[in-house]
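> Quick one: structure below, then a few questions.
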Amino acid sequence: MFKHPATSAPTLRDLDTVTRNMTAAYILATLVLCGALIFSYFTLKNILTEQSRLSAFGATANELSTTLSVSNLYLTDLKAAKALPPSESRLVPKISAQMHDVLSQIALLKKTISEQLISLQAYKYYDDFDSVFYKPPHNISNKIDQYTNRLKEISAESTDNIPGNDLLWLPVEATAARNGALGKSYASAMQKLQVIIAGRSNHLASTHKALTLFSLCIAVLELLLIFLPLRHRLKKVNSNLVSAHEDLFIQANYDKQSGLSNKAGAAKTVQSELAHQRYSCLLLISLDNTDNISKIVGPTALDFFFQEFVKKLRLIDTTENLIFRAGDNEFAILQSNLITETNVSAVHSIKNELSQQLYIENKIVYPKIRLGYTDGPITSDNLAVKLIDARLAAQQYRHTENHIPRYDSSMRSDIEDENLLVEKIRIGLTNKEFIPFYQLKVDAKSGLICGMEALCRWKQSDGSLLPPFKFIPIAEKSGLITEITWQMLDQIVADYNAWVSHGLNPGRVAFNADEIFLREVNFASRITKIVNNTTATNCPIDLEITENVALGREDEVIAKACSVARELGMGIALDDFGTGYASLSSIVGLDVDIIKVDQSFVRMMSKCNDSKNIVLTIIYLCKQLNKKCVVEGVETQEEYDFCRSLGCDEIQGYYFFKPAPFADVLESLALEQMKKKAG
Ligand code: C2E
Ligand code: MG
Ligand code: MG
């Protein structure tokens, strides 16, 4: 069954806003997180670089300290070698040479140390190094310089003068002593420096730790404040979208009013059952009078009407069939059985069943349906075409006949191009091709001509005559029916005047007026002019309206048009009575003079007692209400006798006259006049 769409289904704009906000928050949080991580990474990198430089510096410093001690040992050795007898003095140059190597090593280490210091100073240790290395009394660098210079001097002297002056060794000893002090001072400076650097390292490490913690917090916050709500929201949006999608699917495939599948839904079902090739016949049921039903029950109860109508449809349907809503006022039944001579009665019973009265909001309405069908295999691809075919067939349906039109290709070529037909009607109007034929009516008691009904025919340029069902529906749809009716009326008046001028008595002439015609803006002035054009003293024209139009007289415009017509002396006839939606009781309040019993009842009288009873009841009711009763469609003597016996006033039917052109009517009137004179 139909499910109503969820009212809270998110729109795409909602989704867009949510996505945009969440994405912005996500990007922001990710940027912060990335910033923290980058900062943390560089901090860690700094720490590692500083630590590696520091350990390199420490290693170089240790090596320098060791080398200084070694140089001290060489000095001691050199001193000892100088004290040896001259025969042993060959040791002196050897030790001096080793001394040289040590000195150059000291120079190299000093250079490395100063480079390392520069690179460490880049890390803002300048002040620390400055205080440790360059400020008195610990100007170690200078002291190293002094020391190495002195060593050089001593070793040069030692090499050149062997054995040298004992005194010469004093400064060396002093220097060596000082070197010991220098080593100590140097070591303590190094220790101090290491403490400072370790402090700095700790600071960097704690910054790194804090940043890591910060990143972790951001990640957790991101998870709690963004990801989880986003996931929740998206889940909700997603479930809303799923239900909106389901609703859309339902809306796209089902008809809200009736709960049946619509065309798209039916096509899907047909497609899913394609393998079985189930359906071979499409029967279209078109409701002709929903506008009027809406007027009776009110537009809000129309849904209820459709539901009741569909209930009936479902009752008559067999399970193999697929019923769907084919249009605003159309339902279709796809069935596997073809409509044949043998089962056509089943379809008739569908029609009868569906035309039965329905009680809607305490009002009785009669659905007026029209049927048409098409056969051949039905697939999802040809379903739309098959519908059009069945619709074309249904357009040929005549309430007055018991025949259900089956589509054949000639229908398509006749009516296919609606626009072309409208254009042709326009041309026909210009060429005055719409002419009245007249069907004479007889007085039921005397059997004498008492009047006639003008029925429109389209006399085309090739001389062929088109019956009304071929063009009236399109003329009504396009509004051109109004001009056709005026053209008809002009001709009716001209013909009437001509018969009278021949000394004949045509009686009253009725014409068919539809709702659009009565709504014509200039209706009052134009109809007055036409009536004034007749040569008769009293207006000889009657106006036929259908039940649907008659009930619409609650509508001011229609009511006004009818009262103008009455004031001019026109009678108002209710045409095709019994086929519309008006109930018997509803004619009580209708301001009409004549009731025309629909020919379908007359047609069924011989077969069905109910029809007889309907005719009988309507005639009886007309008598009671003092309205003239005309029975249409009398074709046989029995029908005539029956109607006459019931006391109907006038008879119209093929039994007496078929619709005929002006000249034939002239002849019939003249003959009648002659008979009258003779008899
Ligand atoms: P209607 O006004 O009910 O006209 C009666 C129809 O029944 C006519 O069909 C007539 O030829 C047919 N008929 C009369 N007696 C018999 C009978 O004994 N047996 C059978 N089988 N049929 C009979 P027609 O001329 O084809 O007109 C059909 C309908 O077209 C009319 O029904 C009317 O509703 C509409 N129509 C005709 N002319 C006009 C017009 O000028 N304006 C409008 N708006 N509608 C028109
Ligand atoms: Mg009529
Ligand atoms: Mg009629």
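> Being among the small types (Gly, Ala, Ser), assigned by TED's automatic domain parsing to the domain that holds residue 219 and without any contact (Cβ under 8 Å) to a residue 12 or more places away in the chain is the requirement here; does residue 35 meet it?
The answer is yes for residue 35.
> What number of residues within the stretch 634-658 satisfy the criterion of being under 55 Å from the mean Cα position of the chain (by Cα) and either surrounded by 21 or more Cβ atoms within 10 Å (Cβ to Cβ) or not assigned by TED's automatic domain parsing to the domain that holds residue 512 (or both)?
The total comes to 3.
> Also, quick follow-up: I need a count of the residues in the stretch 52-64 that are crowded, with 16+ Cβ neighbours inside 10 Å and farther than 13 Å from residue 119 by Cβ.
3
> Quick check on the stretch 624-656: of everything there that is within 17 Å of residue 578 (Cα to Cα), more than 9 Å from ligand 1 (Cβ to nearest atom) and in a loop (DSSP other than H, G, I, E, B), which residue is modelled with the highest pLDDT?
648
> Now, a different point. Please specify each residue of the stretch 425-455 satisfying the condition of being away from ligand 2 (no atom under 16 Å from the Cβ) and hydroxyl-bearing (Ser, Thr, Tyr).
The answer is 430, 446.
> Consider residue 474 carefully, then state whether it is in the same structural domain as residue 647 (by TED's automatic domain parsing), of a type in the set (Val, Ile, Thr), touching a Ser or Thr at 6+ places or on another chain (Cβ under 9 Å) and at pLDDT below 95.
Spelling it out, it is not the case that residue 474 is in the same structural domain as residue 647 (by TED's automatic domain parsing), of a type in the set (Val, Ile, Thr), touching a Ser or Thr at 6+ places or on another chain (Cβ under 9 Å) and at pLDDT below 95.
> Filter the stretch 507-532 down to the residues that are more than 16 Å from ligand 2 (Cβ to nearest atom) and more than 26 Å from residue 472 (Cα to Cα) and list them by number.
532
> Could you list, in sequence order, all residues of the stretch 498-526 that are more than 14 Å from ligand 1 (Cβ to nearest atom) and out of contact with any Phe, Trp or Tyr (no Cβ under 9 Å at 6 or more places or on another chain)?
500, 501, 502, 503, 504, 507, 508, 521, 522, 524, 525
> Can you go through 440, 448 and tell me which one is of a type in the set (A, V, I, L, M), within 22 Å of residue 654 (Cα to Cα), assigned by TED's automatic domain parsing to the domain that holds residue 593 and within 16 Å of ligand 3 (Cβ to nearest atom)?
The match here is 440.
> Check whether at least one residue in the stretch 366-378 is closer than 30 Å to residue 634 by Cα, touching a strand residue (DSSP E or B) at 6+ places or on another chain (Cβ under 8 Å), at pLDDT below 80 and not assigned by TED's automatic domain parsing to the domain that holds residue 469, and report yes or no.
Checked the stretch 366-378: no residue is closer than 30 Å to residue 634 by Cα, touching a strand residue (DSSP E or B) at 6+ places or on another chain (Cβ under 8 Å), at pLDDT below 80 and not assigned by TED's automatic domain parsing to the domain that holds residue 469.
> Any idea which residue in the stretch 519-547 is nearest to residue 576 (Cα to Cα), counting only those that are free of Cβ contacts under 8 Å to residues at least 12 places away in the same chain and not polar (S, T, N, Q)?
Residue satisfying both the conditions and the ranking: 521.
The values are calculated or read from the model by the stated rules, or taken from the named source; none is laboratory data. Not measured: the values here are computed from a predicted model. Note that each Cβ is placed from the backbone with ideal geometry, even for glycine, and that neighbours are counted across all protein chains shown.
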